[in-house]
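Enquirer: Dropping a structure here in structure tokens format, bear with me for questions.
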Amino acid sequence: MSAAVPYRTRTNETYRTAAPARRATAGRAARHGVTALVGALALALLSGTAATASPANSPTRPGTETQRPHAEQAPHTTSKPRIARASLTADGTEANDASWGAVISADGRYVAFISKATNLTPDPNNPYLPDTYVKDLRTGAVTFLRDGLGSVRISADGRCVGTNAFGAHDLQGFVHDLKAGTRQALGSARGGSQITGLSGDCRYAVYTANPLHPADPQRIYLHDRTTGQDTLVSRPPTSEQYDMSDGSLSADGRTLAYRAHRRLGDGPDRDDIIVTNLRTGEHRQLDGSQDDATAALVQLSANGRTVAYTVGLDTYVHDLRTGRTIRLNKIQGRALSPDGGHLLYTDGNTEALRLRNLRTGADHLVATQGGAEPGALTAHARTTVFATPAGDLVPSDTNNAADVFVRRGR
């Protein structure tokens, strides 16, 4: 694994390091760390409640606009949005257990999701742990990938799927190339890793590397699948021991957003949202929070221009080009559209899943009860994937379990 690039300058809230060399020699990968939260994460994804937990409601930051929601509007199209179930076998049989954690390729053809069902494909699976499946919405074919712990990621064309599973000693990230039929581990077998992002062409994968010693912090690495290089891309270590996690990568692999959580030191500001330009090595801190509210990254848009993150009970959407930040009161962002124009979210009052047009403020109801993941929207939010236990969205939903659905149209 390549060594950390040197810390060079800090000006206000902009940090600069040397840009990661794309062809440096591959070396040691990740170190030890995370298994305890796997079960809790899967349950949170299933119930759609994996939100930022904090009783604090953060104050408005300087230069931030508060967007007021408009009255919920009917769809713009003349026809109603169409909803279909994705967690089905190739012949249309419903799953015999719960499914969740869905993401969709940018072209809207492939949906990857996690399921405890044992009948989606004839492949032998583990009856005690969930597995990952990929549904071709055009042909109906279902591909079994196993590795159903944590979250799933998918490339723009659906060729590659990122999964997490138990490795030799800990949770480990993998990249499945469906065209080549390969499964590649990320990080070190002695440590652990979690894949959190893929570039649109599947060349680059971002993962969190867990340290071999619990006292050491987590770091984020960029893996080049063409050269085999692993490059440390999170900001340099400090005495405050920041854990770096939740890396979100732009489609071109040039921009990275992630969360930095301070483990040591005094003061209320324990979480930062960082954006790194992987060509120049510049690190920008976005949230600037100085209160006790927990901050978490929602997603970096595929075009690398917009970042959505939560602070306490609110969601913020920041335009990296203009510097404009929008605050959305008392809602929890779940996913950002590839162009950054729409936010999929839940609010604090109901379990409903809604889609916000960030340019107009218009809201559209997606489901009265549901959960969604980063990567749940296609371009311009024309298609949404989500999971819900509701049994009244499509006919013949009789499995009494959460299913994955595809909603086309706004």
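Every number in this text was worked out from the coordinates using simple rules, so none of it is lab data. Remember, it's a predicted structure, so these values are computed and weren't measured experimentally. Here the Cβ is made from the backbone with ideal geometry for all residues, glycine too, and neighbour counts use every protein chain on show.
Enquirer: Determine, from the Cβ-Cβ distance of D292 and T139 and an R0 of 60 Å, the FRET efficiency 1/(1 + (r/R0)^6), rounded to the nearest 0.05. Write down the numbers at each step before the final one.
Expert: Numbers: r = 50 Å, r/R0 = 0.84.
Taking R0 as 60 Å, the efficiency between D292 and T139 is 0.75.
Enquirer: Please turn the phi angles of the range 306-322 into ³J(HN,Hα) values with the Karplus equation 6.51 cos²θ - 1.76 cosθ + 1.60 (θ = phi - 60°), one per residue in order, whole Hz, x for glycine and proline.
Expert: Taking θ as phi minus 60°, the curve returns 10, 10, 10, 8, 10, 9, x, 8, 10, 10, 10, 10, 10, 8, 5, 7, 9 Hz for the range 306-322.
Enquirer: Could you compute the net charge surrounding G150? Neighbours are other residues with a C-beta less than 14 Å from the C-beta of G150; K and R count +1, D and E count -1.
Expert: Taking every Cβ under 14 Å from that of G150, the sum is -3.
Enquirer: Next up: Work out, step by step, the length gained on full extension between T66 and R359: first 0.36 nm times the residue separation, then minus their alpha carbon distance; give nm to one decimal. Intermediate values should be presented prior to the final figure.
Expert: Working: separation 293, 0.36 × 293 = 105.48 nm, distance 1.26 nm.
Full extension of this stretch gives 104.2 nm more.
Enquirer: Here is a follow-up. Near S99, within a Cβ-to-Cβ distance under 9 Å, what is the net charge of the other residues, with Lys and Arg +1 and Asp and Glu -1? Working shown, then result.
Expert: On the way: positive: K116; negative: D97, D403.
Its environment carries a net charge of -1.
Enquirer: Could you sort the peptides 349-362, 145-158 by per-residue average Cβ neighbour count (10 Å cutoff), highest mean leading?
Expert: Order by mean packing, descending: 145-158, 349-362.
Enquirer: For the range 178-185, what does the Karplus curve 6.51 cos²θ - 1.76 cosθ + 1.60, with θ = phi - 60°, yield as ³J(HN,Hα) per residue in whole Hz, taken in order and with x for Gly and Pro?
Expert: Values per residue, Gly and Pro as x: 5, 6, 7, x, 10, 9, 10, 7 Hz.
Enquirer: Further question: Taking a label point 7 Å from the Cα of R321 along the Cα→Cβ vector, which residues of the range 372-389 have an amide N closer than 20 Å to it?
Expert: Hits in the range 372-389 for R321 at 20 Å: 378-382.
Enquirer: Could you work out how far apart the two model spin labels at H169 and R263 are, taking each label as a point 7 Å from the Cα in the direction of the beta carbon, and quote it in nm?
Expert: According to this spin-label approximation, the distance is 1.5 nm.
Enquirer: Tell me, how many Å apart are the Cα centres for the range 293-321 and for the range 113-148?
Expert: Distance between centres, Cα-based: 31 Å.
Enquirer: Let me ask you something else. Distance in nm between label sites at Q241 and R382, each 7 Å beyond Cα in the beta-carbon direction?
Expert: Each label point is offset 7 Å from its Cα along the Cβ direction, giving 5.0 nm.
Enquirer: Oh, and also: Could you check the simple spin-label distance between A390 and Q184, using points 7 Å along Cα→Cβ, in nm with one decimal?
Expert: 4.0 nm
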